[in-house]
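The values are calculated or read from the model by the stated rules, or taken from the named source; none is laboratory data. Keep in mind the model is a prediction, meaning the values are calculated, not measured. Here Cβ is always computed from backbone atoms with ideal geometry, including for glycine, and neighbour counts include all displayed protein chains. With ligands, DNA and RNA removed, areas are computed over all heavy atoms of the protein, side chains included. Shrake-Rupley method; radii C 1.70, N 1.55, O 1.52, S 1.80 Å.
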Amino acid sequence: LAIVSRYPNAVSNAQMFLYGDILTISEKDILLMLGLAVVFILFQIFSFNKLICIELNPQLAKAHRIKVGIYQYFFAALLSLVVIFSVKAVGVLLVTAMLITPAAAALDAADEGVDVGLLPAPGIPGVGVVTAAATEVAAP
């Protein structure tokens, strides 16, 4: 309340942070998001088996000379970049929902003997944002 009364623009900035504003995304932001999506998909394609091995048993992955820490940090870095770019478009509330809902659905669908990490998520967070933003720019 003290911040809002001192800075009147704080309310609109807080609303933009919570709910996002897809109209404020520039073409540069869209190109960066598309590039990030390509990097993320390539990372998933080329390191899928290694990531599955790391998910199932990190000690086994280390025994197979997979650099577990590098893959985990790179995945976390890519995920954080997706979150950063997505917050501007759709807001922190929807980004949080896009990250939590697939994990919650996997936990709900998993039997006791099934590893949650092997269940497919309903999508890559941020890809829908990039697609929607790209169609907005391409529209006349």
Review point. If you scan segment 58-72, which residues turn out to be assigned to a helix (DSSP H, G or I) and open to solvent by less than 100 Å² (accessible area, probe 1.4 Å)?
Key: PRO58, LEU60, ALA61, ALA63, VAL68, GLY69, TYR71, GLN72
Study note, to complete from the structure: Cβ pairs under 7 Å, 6+ apart or interchain, first in segment 54-68 and in contact (Cβ under 8 Å) with a residue 12 or more places away in the chain, second open to solvent by 100 Å² or more (accessible area, probe 1.4 Å), ordered by first then second residue, are VAL68/LYS62
Practice item. Please verify whether segment 77-89 includes one or more residues that are in a helix (DSSP H, G or I) and farther than 30 Å from MET16 by Cα. Key: no
**Study point:** Within segment 18-51, considering residues that are modelled with pLDDT under 85 and either over 18 Å from ALA89 (Cα atoms) or in contact with a helix residue (DSSP H, G or I) (Cβ under 6 Å, 6 or more places away or on another chain) (or both), the one most open to solvent (accessible area, probe 1.4 Å)
**Key:** TYR19
